[in-house]
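Here the structure comes first, spelled out in structure tokens, and everything after it is commentary.
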Amino acid sequence: MKKISLFLVALGLSTALSAQSDMMLYNFNAIPQVHHTNPAYPQQTKWYIGLPAVSGFSTHYHNSGFALIDIFEAGTDINQNLADLSASLDGSSQLNLNNRVELLGIGFKAGRGFVTLGATQTVDFKMDLPYQLFQIMFSGNGSITNLDLNTFDLETINRTDFYLGYQHKFLNEKLTLGVKGKYVFAQQHAYIERMNLSLKNDGNYNIRAVSDILVRTSGPSAFESFEDQEILDIALPNNTGLVFDFGVHYKINDRFDVSASFLDFGSITYTSFNRDYVSEGEFDFEGVEIDLSQDDFSNVGDATLDSLEKAFNFREEDGNTYSRDLMNRAFVSFNYNLSPKHSFGALFHTRIWNGEMFNDYGINYVGRWGRFFQFTAGYSMINGTMHNIGAGFDMKMGPLQLYLMTDNVMAADYASVQTTNLRVGLNICFYGSRSKNAEEQEQKVEEAQSAEESASILYKF
Amino acid sequence: MSKLLEPPRMRKIGLLALAAAIVLGCSKELDFDMVDDIKVKSSATLPLAALSLSLEDLVTDIDDSTLVVDPNNALRIYYRQDSVFTYSIEDILSIPDQDPLPLVVDKSQPNFDLNVALGTIAGAQLYNAVFDQGRIAVEINASDTVDSDVRLAFTFRNATLNGVTYADTFLLPAGQTSVLDTSIINGLDFDFTDGGTAVNALNIGLEIIDTANIDQGNIVLCSVALENLGIDVATGYFGDRLQAAPPGDFDFNINGLEEFAGGFYLTDPRLTLVTNSTVGLPIEINTDFIGENAELSRVRLDNAPFQIQASPAPGVVAVSNLTIDPTNSQISEFLANLPNKIYYSGSIQINPAGPPPPSTPNFISKTSDVVLDFEVDIPMEFRLEDMRLDEVVEDIGGGIDNLENLDELTLFFRSENRLPFDLNLRVSFINALGDSINGFELPLLSAAPVDANGRVSSPSVQESPVVFDQDLIDDFLAMQDMRFVASVNTTNNGQTAVKLFTDYDLDIQVAMQAKGNYKINSDQ
């Protein structure tokens, strides 16, 4: 049973929860949802409708600290593995989990522009791996009484975005600018505003404990009196914010284009069901104080606990309003179009959380092999984790478009996966009639390069 | 053929499939059973306790402390047990019931005088006495009945009642030959000296008042006895009576030393036996004090008998203090034994030197007594030489869990000691058979140095780690009882006498460093 549970956990971490790096999605404009990575990325479709609830489901898992194989490799000493792992973890080790569901998505061409609107539901969880605890528990020379959690961060949010986006082509369709406004309702949110917690020996006979902790939450306390709440107040609470995505795409010539986007620019103000967990204090513990002059020592333990509680001043505070920026993301891409059917790109992606940047780098190939089948593949280094080979495709069967992609096909080998994601969905979309110019260009490329040469390039890549 | 299945595309797909196969083929095998082997290897250094002891607090916070503070803030032992022995008038002078005295009268000889001696105990010779209680028991027997009532007058010629010679009348009713009667003589004042020529003298007279009512030849025999005599006041020589007192015991705890035994040598050991006497006679008191310590070891005080002064006058308390010191007892050994219970017994010898001069006779009253108090009032100036504490804490082995997950455990003891004595602790692990299987030594306190006056001059700091290696941990877990043997010595291994002052104190810090090796899945 334990093995099954562990397996399910591992499976869950490796596939069901995949990371929101979007390295494969960004340049793959075969599917309309590319506008989630850059609202200015030119759409192939003339219009599309994302089928409610099934048009897009993505999940992301990223653990920059370790893979299962680092711990559970058969034939190794697990305690040595954990010791090695505890030595390799550091302040940049991080765990991210993200799920996003497209509740509704519609897009249509309007002259030189393209309009998108819809709604998504996102659950996002990110935390620093508490590497100090690993080192204390498994390094062999760690001490519980030499603990410093001053760098620990955690944030999680469950939110609904209602968005309206528009992109427009300028300069003879060379330049595309896009913007998307999102009105966000955050059902649940929690983050660590301050986490200064240390427990350190000052010699053998003293432990100095310092806490300056502020954990802010919004939403969970609603469930304490769930039956007394209006369901709409919980589903669409008064934790709202207007957030924007900005994008640009510039086609330098037939061979090269560049693009960039800046996502989730804005903040959410939390006013509903807010609760802060606070602790501030310092405590020097020199053991239970016993006055041998007294006869009765029965209450010394309780007195110590009382002192501890008073010193740290643990408390809950309800009703404090706060604002919190969403984690910003940015993409920059440079693409080389070998032909209208084959392009290669280099992509940079960063996430900015609590002032710290977490960067991804990748190269990719996009094969627009035909309207009914397009393919992408690439290699990424995601937040320091290497060897992420991604792939994806879309298959169009009449108006129905099925797509599936991941940033790391190696996730099939769940033992060594540290980063992966999975994006799958079903759209109804229409590309419209093929343009003459495109057909001519396609013909020229087919004449210049044989299909075998293309395969050779792909093989070398 | 669809475009997807055209040869170039088939080749691409084949290459991708091959790559996937290589990737999957390289995958390593996972073994989740290994989770059972995970061990948390960590350590923690935890302060356990900060113990403090202030002599000032010790003295002031404990009720009924035997430790008191001098004006110069030095500690003293003060203990007083009142009324260890109490002797009242019954223990010193009592008059037994007297045998009946025969007095014979008849018609021809109607008067009868009798001079006899009062019966006493232990050769007591009374000069004067006032009885606050007593009665005269009279039995009249005639050889024949009388036709009319016959009155008989009884007289104590050497006794007065309210200033008048005591006389009483008894009646032999008509038609009877005998009668029993009593007369209360409370307040009767006797002069037993017969004009200064005798002691214990009783002059008794009997007379037939109604001689006409008695026939010739009818002989009347009166039997007179003094009974239930209780003395109000008396003078004389009360004899050489030896009177034992009921034995008893009392607790004698010096705070802080209750559990220790032996090795306590006071520089100036002494105690005082205080007597308060309102009895006008010399008394010698023999006492026997035996001290028993926590180990049930007994030492006898072995002090000499002593004399207490006679009260100079009725109602005046004569206080006699006997100091018991090494010159007249074994008090050094007695106190060194650290008694926590003292058993006592004793007796008094009155008039140990024989009769007093007539000019200063013994006297006593019914409120007179002799009370002996036990008092210790000595400075805490002492040396300790191997003063011991031996305690066994039973059945503590079974309640200790999880120590098997420790690779090593170190206990740290740090003392900052402003007390002038060492404390070394020997801890033994006792198994179920009562055998000591392991243990450790802990030099817990190092004596603070003292100046020439025996006063602590600076604190002494000592830090002692006790390392529990795996063997010691194993034996600790196998232990059932734990035995603590403490040995305490004053500065210089018990050779230097020290004094205790209230500003002495002691701080002990105890910490634990545990190196754990905790197997998460302990079911395996």
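Below are the figures for this structure:
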| item | result |
| --- | --- |
| Magnitude of the charge dipole, chain A, Cβ model with Lys/Arg +1 and Asp/Glu -1, debye to 20 | 3360 |
| Hull-based mean projected area of the range A:241-304, where the convex hull spans the alpha carbons, in square nanometres | 11.0 |
| Listed residues B:ALA511, B:ALA497, B:LEU188: farthest to the positive end of the dipole of chain B (Cβ charges) | B:ALA511 |
| Karplus 3J(HN,Hα) series, Hz, for the range A:360-377 with 6.51 cos²θ - 1.76 cosθ + 1.60 (x for Gly, Pro) | 10, 10, x, 10, 8, 10, 10, x, 8, 6, x, 5, 8, 8, 10, 9, 9, 8 |
| In the A-B interface, the accessible area buried, summed over both sides, Å² (probe 1.4 Å) | 4500 |
| Between the range A:236-270 and the range B:174-224, the Cα center-to-center distance that results, in Å | 140 |
| Whole-Hz ³J(HN,Hα) from phi, Karplus 6.51 cos²θ - 1.76 cosθ + 1.60, for the range A:70-79, glycine and proline x | 5, 10, 9, 5, 4, x, 10, 8, 5, 5 |
| Residue-count net charge about A:ASP233 - beta-carbon cut-off 15 Å; Lys, Arg +1, Asp, Glu -1 | -4 |
| Net charge dipole size for the protein assembly as shown [Lys, Arg +1 and Asp, Glu -1 on Cβ; Debye, nearest 20] | 9400 |
| The protein assembly as shown, accessible surface, carbon-and-sulfur percent (1.4 angstrom probe) | 54 |
| Euclidean distance between Cα centres, the range B:83-148 to the range A:119-153, Å | 107 |
| Leading residue at positive end of dipole, the protein assembly as shown (Cβ point charges), from A:GLN43, A:ALA235, B:GLY346 | A:GLN43 |
| Within 10 Å of each Cβ in A:63-73, the average number of Cβ atoms from other chains | 2 |
| Total charge dipole magnitude, chain B, about the Cα centre, Cβ charges on Lys, Arg, Asp, Glu only, Debye to nearest 20 | 1840 |
| Heavy atoms of B:THR160 accessible to a 1.4 Å probe, total area in Å² rounded to 10 | 50 |
| By accessible area with a 1.4 Å probe, ligands and nucleic acids excluded, highest first: order of A:TYR277, B:TYR504 | A:TYR277, B:TYR504 |
| Computed over chain B: relative contact order in percent, which uses C-alpha pairs under 8 Å that are six or more apart | 20 |
| Complex-versus-alone comparison for the range A:360-382, residues with a loss of 40 Å² or more in accessible area, probe 1.4 Å | A:TRP369, A:PHE372 |
| In the range A:122-247, lysine pairs with alpha-carbon atoms under 30 angstrom apart (chain gap of 8 or more, or interchain) | 6 |
| Hits among aspartates and glutamates - C-alpha to C-alpha of B:LYS28 under 16 Å, sequence gap 8 or more where chains match | A:ASP70, A:GLU73, A:ASP77, A:ASP413 |
| Accessible-area value, B:ARG135, 1.4 Å probe, nucleic acids and ligands omitted, Å² | 80 |
| For A:TYR414, solvent-accessible area (1.4 Å; no DNA, RNA or ligand), Å² | 60 |
| Accessible surface ranking that places the most exposed of B:GLU375, B:GLU295 first, with a 1.4 angstrom probe | B:GLU295, B:GLU375 |
| Approximate shape of the protein assembly as shown as ellipsoid semi-axes (Cα gyration tensor, √5λ), whole Å, largest first | 116, 32, 23 |
| For B:ASN255, distant residues with modelled amide H under 5 Å away | B:THR66, B:LEU67 |
| Threshold 40 Å², the range A:181-213 residues less accessible with all protein chains present than alone (1.4 Å probe) | A:ASN204, A:TYR205 |
| Karplus (6.51, -1.76, 1.60) ³J(HN,Hα), θ = phi - 60°, over the range B:170-177, in Hz, Gly and Pro reported as x | 10, 10, 9, x, 4, x, 10, 10 |
| Of A:LEU97, A:ILE78, A:GLY118, farthest towards positive along the dipole that unit charges on Lys, Arg, Asp, Glu beta carbons give the range A:72-122 | A:GLY118 |
| Prolate/oblate/rounded call for the range A:158-302, Cα gyration tensor, a/c under 1.5 rounded | oblate |
| Sequence of A:THR145, B:THR367 when ordered by accessible area, the most exposed leading, probe 1.4 angstrom | B:THR367, A:THR145 |
| Local net charge near A:LYS169, Cβ-Cβ under 13 Å (Lys/Arg +1, Asp/Glu -1) | +2 |
| Charge sum, other residues only, whose C-beta stays under 12 Å from A:GLU73's C-beta, Lys/Arg counted +1 and Asp/Glu -1 | -4 |
| Centre separation in Å (Cα based) which lies between the range B:474-511 and the range B:320-350 | 30 |
| The protein assembly as shown, accessible area per residue, ligands and nucleic acids excluded (1.4 Å, Å²) | 45 |
| Shape parameters for the range A:65-120, alpha-carbon atoms, Rg then Dmax in Å | 22.4, 64 |
| Chain A - percent relative contact order, Cα under 8 Å, separation 6 or more | 17 |
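The values are calculated or read from the model by the stated rules, or taken from the named source; none is laboratory data. Since this is a predicted model, take the numbers as computed values, not measurements. Every residue, glycine among them, receives a Cβ derived from its backbone with ideal geometry; neighbour counts consider all protein chains shown. The accessibility values were calculated without ligands, DNA or RNA, using every heavy atom of the protein model including side chains. Shrake-Rupley method; radii C 1.70, N 1.55, O 1.52, S 1.80 Å.
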